[in-house]
Amino acid sequence: MKDLKPGLKKITEIEDLRRVAERKVPRMFYDYVDSGSWTETTYRSNETDFDRIKLRQRVLVDMDNRSLATQMIGESVNMPVAIAPTGFTGMMWADGEIHAARAAEKFGVPFSLSTMSICSIEDIATHTSKPFWFQLYVMRDQDYMANLIQRAKDANCSALILTADLQVMGQRHKDIKNGLSAPPKPTLTNIINLMTKPQWCMNMLGTKRRSFGNIVGHAKGVEDLSSLSSWTEEQFDPRLSWDDVARIKDMWGGKLIIKGIMEPEDAIMAARSGADALVVSNHGGRQLDGALSSISALSDIVQAVHAENSDIEVWLDSGIRSGQDVLKAISLGAKGTMIGRAFLYGLGAYGEDGVRRALEIIYKECDISMAFCGHTDINKVTDDILVKGTYENLKVGRF
Ligand SMILES: Cc1cc2nc3c(=O)[nH]c(=O)nc-3n(C[C@H](O)[C@H](O)[C@H](O)COP(=O)(O)O)c2cc1C
């Protein structure tokens, strides 16, 4: 890999990337990323609950030859971290999904493309050389759905992520107040704000990808922006059920990941559905405000799946801002993790280089923390690295 640009060496934690992104990205898109639903209680506890889990420092153990390499649904990964699917990503940085997918490919971790991405499935396939994952939102328009799944197959996507927690949308106050749209509407507030983001504007002028690439021109009656917003509002299918999971699994015919599981009962349903992985996730605190943090939901789900004798993999996302968070999730039984905001901050700050920096930061933090805890192989890490009681305390009152 080529050397980092000199300025990026001073970027040492995800928070640095967040601060730069906040400066460079237009307000409505930065707010879209850096917010949760309603009071943002769950959004905040996703992060703070990780901090409450303490690690046990071990010493004088041979810490040479360490490895974070493992597998997620049978795919080799350089660390147990995948890029989560996120909508509007091409508004954080022009052609953002292409930049993030390239950074992930070079780093050796999976990239997931959202249904609500700006760059299309075909754009990502053209600009990368390894298979990526496609995330599906189930829409009412059946022809559109069948076509979308076929497009993911044609693009050689190696897994389908079915997002189970967005049949209806959580309300995010800032998006309503900002009048979020892609591209932004030419209101006075937006124009004044865009004038302070010259690099973003220049980059955007250089691309044609400024609206939802998987939808415009593909969904019936959605040829332009005015038809797009009413289409998306009507289309998310609130009737989605476990029966549909079986139908979608058959249509897809490949590896399936169900994302948005927070309760053991639902984890058991996911295991019985024959999915290859489930993601313990509350959508980064963007859906049910007042839900548990995802890390506090993890171990009960791992146990439930274990009791089922299922070989479905349990992954986790929501709240990961450091490699230590990854390590804690793995120690509690997750086989993999996904990151949303951690990579989006990098993207908004420096494009592809910023996503690469985010991945490097997380890798290094995970690797060094694992060593301090006396381990050299991520596949052998267990909850013996945690100070007893510090995780259990998060779950007081759960049952
Ligand atoms: C800005 C943003 C957009 C998102 N869009 C989608 C999406 O289109 N599809 C999806 O399944 N999840 C989406 N998510 C949820 C992420 O896939 C993931 O669950 C979440 O970001 C994890 O939390 P974290 O951001 O704290 O890492 C989005 C999250 C963010 C922050």
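Values in this text are rule-based calculations from the coordinates and carry no lab data. As the structure is a prediction and not an experimental result, all values here were calculated from the model. Don't worry about glycine lacking a Cβ; one is built from the backbone with ideal geometry, like all the others, and counts go over all protein chains shown.
Phi angles across region 304-314 convert, under the Karplus curve 6.51 cos²θ - 1.76 cosθ + 1.60 with θ = phi - 60°, into 3J(HN,Hα) values of 4, 5, 5, 5, 7, 6, 8, 9, 4, 7, 9 Hz, Gly and Pro given as x. Local charge for ASP16 was computed over the other residues whose Cβ lies under 10 Å away, with Lys and Arg +1 and Asp and Glu -1, and equals +2.
Amide hydrogen proximity for GLY374: with H placed 1.01 Å from N in the peptide plane, the residues at 5 or more positions away or on another chain lying under 5 Å are ARG58. A Cβ-based charge dipole, computed about the Cα centre of the chain with Lys and Arg at +1 and Asp and Glu at -1, lands at about 1160 debye. When the chain is treated as a Gaussian network with alpha carbon springs shorter than 10 Å, the biggest mean-square fluctuation among ARG247, ARG18, ARG286 belongs to ARG247. A simple rule links phi to the HN-Hα coupling: the Karplus curve 6.51 cos²θ - 1.76 cosθ + 1.60 with θ = phi - 60°, which for region 253-268 gives x, x, 5, 10, 10, 9, 10, x, 8, 10, 10, x, 4, 6, 5, 5 Hz, with x for Gly and Pro.
Computed from phi, the 3J(HN,Hα) profile of region 197-212 under the Karplus parametrisation 6.51, -1.76, 1.60 (θ = phi - 60°) reads 10, x, 5, 4, 5, 4, 4, 5, 5, x, 10, 9, 8, 10, 9, 6 Hz, with x in place of Gly and Pro.
Quick one: divide the alpha-carbon radius of gyration of region 106-245 by 2.2 N^0.38 Å and tell me what you get.
Numbers: Rg = 16.6 Å, N = 140, 2.2 N^0.38 = 14.4 Å.
Expressed relative to 2.2 N^0.38 Å, the Cα Rg reads 1.15.
Using the Stokes-Einstein relation with a Kirkwood hydrodynamic radius computed over Cα pairs, the translational diffusion coefficient of region 6-395 at 10 °C and a viscosity of 1.306 mPa s comes to 75 µm²/s.
With a Förster radius of 35 Å, plug the Cβ-Cβ distance of ASP243 and LYS10 into 1/(1 + (r/R0)^6) and report the FRET value to the nearest 0.05.
Numbers: r = 53 Å, r/R0 = 1.50.
Efficiency, rounded to the nearest 0.05: 0.10.
Report the FRET efficiency, 1/(1 + (r/R0)^6), for VAL59 and ASP311, where r is their Cβ-Cβ distance and R0 is 35 Å, rounded to 0.05. It comes to 0.45. On a per residue basis, the convex hull of the C-alpha atoms belonging to region 254-399 measures out at 130 Å³. Taking amide H atoms as placed 1.01 Å from N in the peptide plane, the amide H of GLU313 lies under 5 Å from those of ALA277, LEU278, each 5 or more residues away in sequence or on another chain. Close amide-amide hydrogen proximity is noted between ASN214 and SER117, each under 5 Å apart and 5 or more residues distant or on a separate chain (H modeled in the peptide plane; Pro and chain starts excluded). By the beta-carbon count within 10 Å of each Cβ, the least crowded to most crowded order of SER45, SER158, fewest first, is SER158, SER45.
Past 30 Å, Cα to Cα: identify those pairs from LYS130/LYS185; LYS177/LYS364; LYS177/LYS208, in the order given. Each step should come with its number before you reach the end.
Numbers: LYS130/LYS185 36 Å; LYS177/LYS364 38 Å; LYS177/LYS208 27 Å.
Beyond 30 Å between Cα atoms: LYS130/LYS185; LYS177/LYS364.
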